[in-house]
Amino acid sequence: MASVAPADGDGRAGSPPPLPSPLRWGIIGPGDVCVHKSGPAFARATGSAIGAVSKRTPGAAAAFASRLPGGGDGIATYTESAALLADPSVLAVYVATPPGAHAELTTAAAAAGKAVYVEKPMARCGAEAAAMLASVGDGRIAVAYYRRALAKYEWVRALLRPQSDTGGRTFPPPPLPTGATVTPAGAAVPAPGAIGTLTSVAYTYVGHHAAGEIGWRDDPPVSGGGMMLDVGVHVVNLMQHWFGEDPIVEGAPVVTRDPVSGVEAAASFRLRFPPVGAGAVVAGESGEGGVAVDFDFDFCAGPDARRVDEVVLTGTAGVVRLSVLAVDGSVEVTETGNAATAGGDKNTRDGCGSNAPPPPTPTRVAFPVPQHVQQPLIQAVVDDWTGVPGAPPQPSPAAAAVRTSELVDEVLAGVYGERRIGFWEGWAKPGAA
């Protein structure tokens, strides 16, 4: 089990010298999604510029560059990643390929002296991710778990903080960004400690990702697995950000295999986050066992199944509900004020008791969604790496991403066996010759 110790924004102790601003990026292997979620953000972030793009298909890099801000002016294009890595004007690289190429490209970029921002998941397995981190040495690496920098999730993280800690420090209400709205109109914005001490955290995902309809995402040599490696890692990594980077898998995960694709069809498991002492982010972390988070993923629920993407955080005085994968969903906070209503006394829930009070009205907070959803994280990375005065360490350290991959390895062992480097080489889909 990896230990995530206090470190800089790259997940290692110490900090290399600042990079020049504007920081010139090279983008390797971008797809269509990159045009909307991330690519333009490297041009629009303050102190950042795109210097080069590489794609193997002739003409594809130029076509991608033409869709970026400025229409590709001043952007060099290459068909070989090695040529991009040899470009002296490029000081940082965005590895935008599927996971199967992450290790090779990250190692090559580090050897060329480039800083690396790599797509998630960091690698196909934990051991491969750890080797990537080791290959960077004293250089820089960040991983695109971008929810760590989005206002919606940072607001919830602050909301979960107690009103005060054992040292007497008090915490003000988390600020709302410009453009956020509160419903009902005029309702008070929930403050830290609003739901009391956490008693349970549960995430549920129900979707339908049929074999043969999700491209490379169910091809382990390319992806490292199935949808757990595509969407599940986002949820696990965000819970690490909220509750602590180094949880353990508690109990035996229950996983099933898709009979057509051979990858995971469903996974249910629990992560236990150890207590972190005084000043804990979460009010409930002072207990002996720390916060436990239950996960239930169903990736093959059928085309008619009702889609679900929700985490429910229940406390002694209220409940918080929000989507994790849908970044545009609002946060619903129901403050009950006592343990009975938060926990769910039947008469109170159903309104059947003669003295049952009316159910509390939820407060819903909606947050603006950036035009390019990765831009807040990219901006944080640029600010950190170029040494902007007062900039904190970027919030998505590679060491935490390594741990995410290790946890997923343990959860999916029932489908793949031991997920060590090269496990995908012997992989064969059911029925393959």
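The stretch between E250 and T46, if pulled fully straight at 0.36 nm per residue, gains 69.2 nm over its current Cα-Cα span. In the chain, the DSSP beta bridges split such that about 60 percent are antiparallel, to the nearest 5. Working note: Karplus 6.51/-1.76/1.60 with θ = phi - 60° gives segment 36-44 the couplings 9, 7, 9, x, x, 5, 5, 8, 8 Hz, where Gly and Pro are set to x.
Once the Cα atoms of helix 375-385 and of the chain are each reduced to a long axis, what angle between those two axes, in degrees from 0 to 90 to the nearest 10, is obtained? So the inclination is approximately 70 degrees. Among E213, E410, E104, the largest mean-square fluctuation in a Gaussian network model of the chain (Cα springs under 10 Å) belongs to E213. Counting only protein heavy atoms and a 1.4 Å probe, the chain has 42 square angstrom of accessible area per residue.
How large, in percent, is the carbon and sulfur part of the accessible surface of the chain at a probe radius of 1.4 Å? Result for the chain: 54 percent of the exposed heavy-atom area is carbon or sulfur. Partners of K114 within straight-line reach, counting aspartates and glutamates whose Cα lies under 18 Å from its Cα and excluding those fewer than 8 residues away in the same chain: D8, D10, E80, D87, E104, D138, D383, D384. Would you list, by chain and number, the lysines whose Cα falls below 29 Å from the Cα of K152, excluding same-chain residues fewer than 8 positions away? Answer for K152, where 29 Å is the Cα cut-off: K37, K120, listed by chain and number. Less than 5 angstrom separates the built amide H of G226 from those of E264, all sequence-distant by 5 or more or on a different chain.
Given their separation in residues at 0.36 nm each and the Cα-Cα distance between them, V327 and S89 gain 82.2 nm when the chain is fully extended.
Backbone geometry of segment 177-193 corresponds, through the Karplus equation with coefficients 6.51, -1.76 and 1.60 at θ = phi - 60°, to 3J(HN,Hα) couplings of x, 4, x, 6, 10, 10, 10, x, 4, x, 5, 5, 6, x, 9, x, x Hz, x marking Gly and Pro. For the pair segment 55-124 / segment 384-408, the C-alpha centres are spaced 20 Å from each other. Of all lysines in the structure, not one has an alpha carbon short of 17 Å from that of K55, not counting any fewer than 8 places away in one chain.
Note down, for the chain, the three equivalent ellipsoid semi-axes (square root of 5 times each alpha carbon gyration tensor eigenvalue), biggest first, whole angstrom. All intermediate terms of the calculation are to be shown ahead of the outcome.
Values: eigenvalues 274, 139, 86 Å².
Result for the chain: semi-axes of 37, 26, 21 Å.
The distance between label points at D294 and T181 comes to 3.4 nm (points 7 Å beyond Cα on the Cα→Cβ vector). Against the main long axis of the alpha-carbon atoms of the chain, helix 233-243 sits at an angle near 60°. Taking 7 Å steps out from each Cα toward its Cβ at A131 and T107 produces label points 0.5 nm apart. The percentage of C-alpha pairs in segment 1-159 whose separation is greater than 29 Å is 17%.
For the pair segment 228-276 and segment 139-202, the centres of their Cα atoms are 23 angstrom apart.
Counted by Cβ distance under 14 Å from G70, the other residues give a net charge of +2, where Lys and Arg count +1 and Asp and Glu count -1.
Quick note on segment 380-433: its Rg to Rh ratio, both from C-alpha atoms and Rh being the Kirkwood radius, is 1.28.
As a check on your grasp of the helix formula, calculate [θ] at 222 nm for the chain: sum -39500 (n - 2.57) over DSSP H runs of n ≥ 4, divide by the residue count, round to the nearest 500.
Details: 14 runs with 105 residues, N = 433.
Result for the chain: -6500 deg cm²/dmol, rounded to the nearest 500.
Where the only charges are on Cβ atoms (+1 Lys, Arg; -1 Asp, Glu), what is the dipole of the chain about its Cα centre, to the nearest 20 debye?
660
The values are calculated or read from the model by the stated rules, or taken from the named source; none is laboratory data. These numbers were taken from a predicted model, which means no experiment stands behind them. As a convention, Cβ positions derive from the backbone with ideal geometry for all residues, glycine included, and neighbour counts pool all protein chains shown. Remember, those area values only see protein heavy atoms, side chains included, never the ligands or the DNA or RNA. Shrake-Rupley method; radii C 1.70, N 1.55, O 1.52, S 1.80 Å.
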